[in-house]
Amino acid sequence: MSRRVFGIISILSLWSSIVTAQNDSRGLKDYFTGYFFVGASIAPQETEGEVAKLILREFNTITAENAMKMGPIHPAEDRYVWNEADQIADFARKNGLKMRGHTLCWHNQTPSWLFLDSTGNQISKAGLLDRLKAHITTVMHRYKDAIYAWDVVNEAISDQTDEYLRVSPWYSICGEEYIAKAFQYAHAADPEALLFYNDYNAWKPEKRAKIIRLIRSLQEQGVPIHGIGIQGHWSIYGPDEAELEAALEEYRSLGLIIHITELDVSVYPPESGRRDKRPDEDDSFTPEKVKLQEQQYEQIFRVLVNYKDDIQSITFWNVSDQRTWLDRFPVRGRKNYPLLFDANLQKKTAYWRVVAGLTGEN
Ligand code: HAH
């Protein structure tokens, strides 16, 4: 072989190995280009080390799992704790990731001072709304340059059949009005931010009807709301394709941006009450569960891709099976395997089923 031909072959083979290496480093964000942003909720320590590498390879959007909730970030009326939230926002800024803010007004993980006045009695409606405004304004101003979309109100709808709004302290003290107020304060704090109402079980017809009622009433009042956050806390046992499609059809008719905000596919049937794991309960990831999860992820993404013009972003709730909130909820101490990466941060078979659905590859 002449030196010239040898040289050309070497260059070609080098080029092809570079292309292969680049292809190998593709992540979900690359497969989903042209469909939606894809991301995960994270903890501050995940902005470093192996998990950070995985996040940067796979995702182009993040959410703070807990660090921006009212309890952690605003533990006393005149004190904000910024370090954990800052660490996550800085990770997004430094790496050019999009970021969703979660969450400005929720009934859980609230600080103990919030609903009490200086004498320890329940605070007045005017007092609580002033606090809500101060909180929303301060937090949104700090992260204006990093966060493009906020879950303004989280989980305000009741799960009870004969009840519309959840009877939380927000509702008991302010009535329905706190919801519109939260959106108005948020819009004033950052007129550019996309503002979302976010809730779970949003695919269920009964809850869906209440969410639609709330959003339509906000729209009729001229309240600035731009999106619906559908928490995807789903399971290998449901929802099925028809149920998801019916929900997405109805939500898209509101003319809002749709975000799938908290996606995970539990390997257990849904349970409402909290409890401890029973000693005899098998919490291994059996071949049967593996198979059902592959099928469920494939089916979910088959539907979501068909709604790519309405869905802007999909966020997994946690990164990998190494650490997920579902290891504690609703059953304390029962291991769950709800994500696309295993406990060693490796891609699961369900990952490849999702990718194959997008690209036709295996
Ligand atoms: C979500 N609630 C919250 O929005 C999020 O902030 C938290 O980290 C985890 C889950 C979901 C939820 C549920 O699926 C069932 C009952 C209550 C709450």
Item to check | Karplus-derived 3J(HN,Hα), 6.51/-1.76/1.60, for each residue of segment 150-166, Hz, glycine and proline x | outcome: 10, 6, 6, 10, 10, 6, 7, 8, 6, 8, 7, 4, 9, 10, 8, 9, 5
Checklist outcome for this item: For segment 27-359, the accessible surface attributable to carbon and sulfur atoms (probe 1.4 angstrom, ligands and nucleic acids excluded) amounts in percent to 48 percent
Checklist entry - Applying the Karplus parametrisation 6.51 cos²θ - 1.76 cosθ + 1.60 with θ = phi - 60° to the phi angles of segment 176-182, what ³J(HN,Hα) value in whole Hz is obtained for each residue in order, glycine and proline being reported as x? => result 4, 4, 4, 5, 4, 4, 4
Item to check | Sequence of Glu48, Glu243 when ordered by accessible area, the most exposed leading, probe 1.4 angstrom | outcome: Glu48, Glu243
Next on the checklist: Before I look further, what does segment 27-359 give for accessible area per residue, probe 1.4 Å, in whole square angstrom?
Outcome noted: 41 Å²
Item to check | Cut-off under 5 Å, modelled amide H: who pairs with Leu165 long-range | outcome: Ser158
Checklist outcome for this item: With +1 at each Lys and Arg Cβ and -1 at each Asp and Glu Cβ, the charge dipole magnitude of segment 126-183 around its Cα centre, to the nearest 20 debye, comes out at 420 debye
Checklist entry - Near the amide H of His233, under 5 Å away, which other amide H atoms are found, from residues 5 or more places off or on another chain, if H is placed in the peptide plane? => result Asn201, Asp264
Checklist outcome for this item: Extension length gain for Arg274 and Asp90 (0.36 nm per residue less Cα distance), in nm, is 62.7 nm
Next on the checklist: I want to check the label-to-label distance for Lys204 and Glu48. Put each point 7 Å from Cα in the C-beta direction and report it in nm to one decimal.
Outcome noted: 4.1 nm
Next on the checklist: Springs between alpha-carbon pairs under 10 angstrom, Gaussian network model over the chain: which of Gln231, Gln87, Gln122 fluctuates most?
Outcome noted: Gln122
Checklist entry - Got the relative contact order for segment 27-359 handy, in percent, Cα pairs under 8 Å and 6 or more residues apart? => result 16 percent
Checklist entry - Roughly how much of Thr47 is accessible, in Å² to the nearest 10, using a 1.4 Å probe? => result 20 Å²
Item to check | Share antiparallel - DSSP beta bridges, the chain, percent rounded to 5 | outcome: 10 percent
Checklist outcome for this item: Under the rule rounded for a/c under 1.5, else prolate if a/b exceeds b/c, else oblate, using alpha carbon gyration tensor axes a ≥ b ≥ c, the chain is classed as prolate
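The values are calculated or read from the model by the stated rules, or taken from the named source; none is laboratory data. Note that the coordinates shown come from a computational prediction; the quantities given were computed from them, not determined experimentally. All Cβ positions, glycine included, derive from the backbone under ideal geometry; neighbour counts span all protein chains shown. Just the protein is used for accessible areas: all its heavy atoms, side chains included, with ligands, DNA and RNA removed. Shrake-Rupley method; radii C 1.70, N 1.55, O 1.52, S 1.80 Å.
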